[in-house]
Amino acid sequence: MSELAWRALSFSALSPTDLYALLQLRTEVFVIEQACIFQDMDGSDAEAIHLLGSIDGALVAYARCFAAGHKFAEASIGRVITRQARRGQGEGHVLMRRAIACVFEQWGPQAIRIGAQARLEKFYLQHGFQVAGLPYIEDGIPHIEMLRPV
């Protein structure tokens with residue numbers, strides 16, 4: 001198995017090819033695979049640091065990271081994705097470690113809040129996140145707020 005090559009880019013640093021690949025992957029997972037019609041392009045991409053994990057030039061893992069005050073009072077991570085064909089190989093855990101490190105590198109060590117799909121609660125618990133709110137429905141999918149303290 002090839003190792004993932006990681007890049008953390010601001011929106012303005014994304015090439016058209018990068019942008020197309022990340023939007024295609026987000027649509028593939030969040031719209032088609034999860035059968036959820038929602039507005040993925042939510043106006044927040046320009047504020048994010050985009051974390052892209054590629055193998056042989058193909059995007060297979062992605063997340064976007066935000067400074068405190070954009071999505072929540074705390075820094076946050078969202079749109080966490082690994083390509084379906086790559087799941088079960090531990091790359092999602094590598095992605096989360098990288099995303100947490102990206103937040104710390106960009107804005108310093110701090111608490112991170114996420115709006116996690118409820119079915120992934122155990123996954124995020126493994127990365128130091130704790131349940132920090134009541135379950136809620138977003139775009140027809142059960143979610144839970146989780147906080148990773150400093």
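Bear in mind these aren't lab numbers, they're just calculated from the coordinates by the rules spelled out. Note that the structure is a prediction, hence the values are computed from the model and not measured. Note that we place each Cβ from the backbone using ideal geometry, even for glycine, and neighbour counts take in every protein chain shown.
General remarks:
- Per the listing LEU125, LEU120, LEU59, LEU134, the residue uniquely touching a strand residue (DSSP E or B) at 6+ places or on another chain (Cβ under 7 Å) and either surrounded by fewer than 19 Cβ atoms within 10 Å (Cβ to Cβ) or closer than 26 Å to ALA21 by Cα (or both) is LEU59.
- Matching residues, the range 62-75, being out of contact with any Ser or Thr (no Cβ under 9 Å at 6 or more places or on another chain) and surrounded by fewer than 24 Cβ atoms within 10 Å (Cβ to Cβ): GLY69, PHE72, ALA73, GLU74
- Search result, residues across the range 101-117 that are of a type outside the set (D, E, K, R) and exposed (fewer than 14 other Cβ atoms within 10 Å of the Cβ): GLY108, PRO109
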